[in-house]
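Step one of this worksheet: look at the structure below.
The values are calculated or read from the model by the stated rules, or taken from the named source; none is laboratory data. What you see is a predicted model; the values in this text were computed from it and never measured. Counting neighbours? That spans all protein chains shown, and the Cβs are built from the backbone with ideal geometry, glycine included.
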Amino acid sequence: MLKIFRYVLVVSLISMTLGGSSIVWPKKARAFNANNLISDGEFIDTRTLDADGIQAFLNTKGGTRLRTFREGGKTAAQIIYNAARANGINPFVILATIQKEESLIESNTNFDYRVRWAMGYGVCDGCDSNDPSLQHYAGFTNQVTGGTWQLKRNYSYWATASSSYRIGSTVVIDDTNVHIDNRATSALYRYTPHLHGNESFVNIYNRYKNYRPPATYDAKLISQVPRANFSVRPGQRIMMLAVYRNTGTATWYKTGGNAMHLGNWGPQDRGSIFTDGANLRWEMLQAVAGRNGVGSFRIYFTAPQQTGVYVEKFRPVMEGITWLGPEITYTINVGGAAIKSGTKGIPTTQSSTPKILTPEEKRALTQ
């Protein structure tokens, strides 16, 4: 079986002679728990970084060439993200493994060679990387894809199979008894059967894992109810619904100093004849909408007594931060016999065919 990393731990005793006696300095106590390297939950948490987050992380590491490296038309960040998602492995685990194995995250030394063996995948401690039989493991994509697959295979299968590093076993690693406490620890030791290599991994991982990419703010319009053009009678009470998806990294909140609202737009913060000239903010129905979550906004209007065609525009705004995402436009035809002020009614669309709501729109309307 091929070993994955090429770390060889050399343990040396530093001794000196003083007054005719030999003094042996004790080993420095290890700051990491060799029995439990990282938790299982951390090991398989794929939510820590998306492709943009990985790219932002690489951008913080000075002049590393991985920031601009591409292979097969994909960036290094996209290759890492794809492997993380495909195998259910935390992107920080992959990044820490790459740095521990070949220092590619923080150094460009001998980059062209090291990028070919980024995760040490398929190369044993005594192997020659120039061996023709190993070349199908070479290349950044092969290394990241294969290495991440191996980590997940170790975690999901070998951790409980008949393996030297299965959970609950005690293994002698570099003259030290190590108890395998969990799946993640099993997976990491089977990938790198040395204390020094795993101590290095843990130190790097702990430095990396607290990174948070800069927040981004964006939204995608999913639907608007009713459709963009509809007709109402003068004095009719109107309810409209706009549903947006959070396509940024910043979480949306219904309340708080940076609450997420739908604001009057075109121009921003305008007054409206449908609200007696007031500039209103429309609250998000959901308490929270994280990345890829949905935020729904109800708009309550009363049609003016003056007939005519009116255009009303809105756009999401995170208070105190920024306006974001596309605007939403309603063209409202006010006509016909006036009704009592405040009487509720359903806007009539210009089409005779009633709109069929999507399941997402139906859920939003019931909140």
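Couple of notes before you dig in:
- Residue 195 vs. criteria of a type outside the set (D, E, K, R), in the same structural domain as residue 149 (by TED's automatic domain parsing), farther than 23 Å from residue 44 by Cβ and in contact (Cβ under 8 Å) with a residue 12 or more places away in the chain: yes
- Any hit, the range 226-234, residues being among the charged types (D, E, K, R) and assigned to a strand (DSSP E or B): no
- Taking first residues from the range 246-268 that are in the same structural domain as residue 328 (by TED's automatic domain parsing) and basic (Lys, Arg) and partners that are surrounded by 15 or more Cβ atoms within 10 Å (Cβ to Cβ) and outside any loop (DSSP other than H, G, I, E, B), the Cβ contacts under 6 Å between residues at least 6 apart in sequence or on separate chains come to 254/284.
- Test: residue in the range 249-263 that is surrounded by 18 or more Cβ atoms within 10 Å (Cβ to Cβ), within 24 Å of the chain's Cα centre (by Cα) and of a type in the set (S, T, N, Q): yes
- Residue check: residue 207 meets all listed conditions (1) in a helix (DSSP H, G or I); (2) surrounded by 19 or more Cβ atoms within 10 Å (Cβ to Cβ) but one, namely (2).
- Test: residue in the range 64-77 that is closer than 17 Å to residue 155 by Cα and either under 13 Å from the mean Cα position of the chain (by Cα) or crowded, with 23+ Cβ neighbours inside 10 Å (or both): no
- Selection of first residues in the range 297-325 that are free of Cβ contacts under 8 Å to residues at least 12 places away in the same chain and of second residues that are among the aliphatic types (A, V, I, L, M) and part of a strand (DSSP E or B), restricted to Cβ pairs under 6 Å at least 6 apart or on distinct chains, gives an empty result.
- Any hit, the range 157-175, residues being among the hydrophobic types (A, V, I, L, M, F, W, C), part of a helix (DSSP H, G or I) and either closer than 27 Å to residue 70 by Cβ or touching a Gly at 6+ places or on another chain (Cβ under 7 Å) (or both): no
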